[in-house]
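Following: one structure in structure tokens, then a few remarks.
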Amino acid sequence: MKRMQLEYFVRIVEEKSFTKAAEKLFISQPALSKSILALEAERGVTLFKRDPLELSLTSEGENVECY
């Protein structure tokens, strides 16, 4: 896990939105999504429940340790 990915994850959780997080991070939403997808693939977990109306954490996402 790269520090940048962890920062992205935290911002998404705070904003409860990939789009709003991307705006605050000054990156594109697709770039943010790709980074999180890479993190999920690296760890072999799904961190977010992606629903068009609501973004929430999976149990794995809730257990991410931020050092």
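Couple of notes before you dig in:
- Test: residue in segment 21-30 that is open to solvent by 30 Å² or more (accessible area, probe 1.4 Å), modelled with pLDDT of 95 or more and polar (S, T, N, Q): yes
- The listed residue being within 11 Å of the chain's Cα centre (by Cα), open to solvent by 70 Å² or more (accessible area, probe 1.4 Å) and not aromatic (F, W, Y), out of E14, E40: E14
- Residue list for segment 43-67, restricted to those being under 17 Å from E7 (Cβ atoms), out of contact with any strand residue (DSSP E or B) (no Cβ under 7 Å at 6 or more places or on another chain), of a type outside the set (D, E, K, R) and surrounded by 10 or more Cβ atoms within 10 Å (Cβ to Cβ): V64
- Listed by first and then second residue, the pairs linking a residue in segment 20-34 that is polar (S, T, N, Q) to a residue that is open to solvent by 50 Å² or more (accessible area, probe 1.4 Å) and assigned to a helix (DSSP H, G or I), with Cβ atoms under 9 Å apart and 6 or more places separating them unless they lie on different chains, are Q29/T19; Q29/E23.
- Helices (runs of 4 or more DSSP H) enclosed by the chain - at least 3 residues per element that are among the small types (G, A, S): 29-43
The values are calculated or read from the model by the stated rules, or taken from the named source; none is laboratory data. Worth saying up front: this structure is predicted, and the values here are computed from it rather than measured. Reconstructed Cβ throughout: ideal geometry from the backbone, glycine too, with neighbour counts over all protein chains shown. Calculation scope for accessible area: heavy atoms of the full protein, side chains included, ligands and nucleic acids excluded. Shrake-Rupley method; radii C 1.70, N 1.55, O 1.52, S 1.80 Å.
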